[in-house]
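This report refers to the structure that appears directly beneath it.
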Amino acid sequence: MAIYMFALAGATAFAPGQTLLAHQRSPISRAAVTMEADVKPVVIGLAADSGCGKSTFMRRMTGIFGGESKLLDIGRETNTLVSDMTTVICLDDYHKWDRTGRKSNPEWPNGITALHADCQLWDKMAEDVTNLKAGKAVDKPIYNHITGELDPDEHVEPTPIVIFEGLHPMYDDRVNEALDLTIYLDITDNVKFAWKLQRDMAERGATFEDVQKAIEGRKPDFKEFVEPQKQKADIIIQVLMSDIVDDDSGKFLKVKYIQKKKVSCVSAPYLFDQGSKIIWTPNTEKLTSETGVVMSSYDDDWFGEPVSVIEMDGKLDALEEIIYVESAICNAGTKSYGELTEQMVKNKDAPGSENGTGLFQTLASFKIREAYENLRK
């Protein structure tokens, strides 16, 4: 019981297995962070391939800081998402060529993909990251995803937290060194293929062969210029096929939250007892799941560096019951017991909410807040 008493500090009236509503907590509706006028922004880097959940992650993250999150009001197309506390900048805006230019240009007559390092405006990206980190406004480029054109620049003011999300936030050393915390969404090849197959066949009428060809065409540049960033990242959310459900559709997943031990601005989360190897099958009377859920927590090695890992394999049937899992997670970065569950329920319609994808994106979002507060001290 000692482990549970630690995990439930400040919530002694709660019995594991109760829902958040049964616990009768008052809702959290305000931002949990404030900022002095003279402090500089904390800058976060989020890397992943296209279609791997960056936008969903950003919605989860911005919701934790409170206030309305919306596109920057410039009277025309933009990719920049802003709130009182956060600015999210899409690194597609730093493409060197528009959609037509990527098909053929004097430097690359046979075309170049958006994943290639030579397709990015590295000097401008480094300049803007450096200036925003220093609290200075920037005039940055825009890549119009609708027209495929490079639109006129937009003016962006710094906010307490600035997130650079896209294909290459950690590729250029100047940019990477300016980032206070880095995150990589590592969607394994078989999961990525299953997701794209379902989406493109349903929404675009693509065939199996079409999807396979599209993925294979991107793979060389992805492997060379994007994927190596997962070695540099402070936090990695890795998505694999489930070990407990024999299914290749991508609907049942095993997800890992991996954090390097050397990261000093945030504490590493774990289950029950720090440093122990834990394999936990939650009580099915307290966590409803047709397939079952298995949680794990352990130390491991990631490209030669020591890391802490939490895993979730399986799928939830009743999202409110995630509070039972929350009771087992220590160092979650939450302000009060039940806050993680509250954020999960608030985003229940977002992709991945019923599995470890949503859980660990939410956990990483709290770690961004923790980094912000610790770097402000």
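The values are calculated or read from the model by the stated rules, or taken from the named source; none is laboratory data. Everything numeric here is computed off the predicted structure, so don't read it as measured data. Note that we place each Cβ from the backbone using ideal geometry, even for glycine, and neighbour counts take in every protein chain shown. Note: accessible area is taken over every heavy atom of the protein model, side chains too, but ligands, DNA and RNA are not part of it. Shrake-Rupley method; radii C 1.70, N 1.55, O 1.52, S 1.80 Å.
Counted over segment 85-221, the DSSP beta bridges are approximately 55% antiparallel.
Given 0.36 nm per residue, what is the gain on full extension from residue 249 to residue 277 after removing their alpha carbon distance, in nm?
Details: separation 28, 0.36 × 28 = 10.08 nm, distance 3.00 nm.
Length gained between residue 249 and residue 277: 7.1 nm.
For segment 341-355, the residues whose backbone nitrogen is under 20 Å from a point 7 Å from the Cα of residue 317, taken along Cα to Cβ, are 345, 348-349, 352-355. State the answer as a single residue: which of 89, 47, 63 lies farthest towards the positive end of the charge dipole of segment 29-186, with beta carbon charges of +1 for Lys and Arg and -1 for Asp and Glu, about the Cα centre. Positive-most Cα among the choices belongs to 63. Placing a label point 7 Å from the Cα of residue 190 along the Cα-to-Cβ direction, the residues of segment 297-316 with a backbone N closer than 16 Å are 313-314.
At 222 nm, what value in deg cm²/dmol follows for the chain if DSSP H runs of at least 4 each add -39500 (n - 2.57) and the sum is divided by all its residues, to the nearest 500? Before the final figure, lay out each step's value.
Values: 12 runs with 111 residues, N = 377.
Mean residue ellipticity at 222 nm (helix-derived): -8500 deg cm²/dmol.
Rolling a 1.4 angstrom probe over the protein heavy atoms with all chains in place gives the chain an accessible area of 45 Å² per residue.
Suppose every Lys and Arg Cβ carries +1 and every Asp and Glu Cβ carries -1, with no other charges. What dipole size does segment 280-326 come out with about its Cα centre, to the nearest 20 debye? Here the size comes out at about 140 debye.
In this simple spin-label model, placing a label point 7 Å from the Cα along the Cα-to-Cβ direction at both residue 198 and residue 335 gives a separation of 3.4 nm.
Using a Förster distance of 30 angstrom, determine the FRET efficiency expected from the C-beta separation of residue 104 and residue 223, and round it to 0.05.
0.80
I'd like the FRET efficiency for residue 290 and residue 377, computed as 1/(1 + (r/R0)^6) with the beta carbon distance as r and R0 of 35 Å, rounded to 0.05. According to the calculation, E is roughly 0.15. Between residue 74 and residue 210, the C-beta separation translates, for a Förster distance of 35 Å, into a calculated FRET efficiency of about 0.50.
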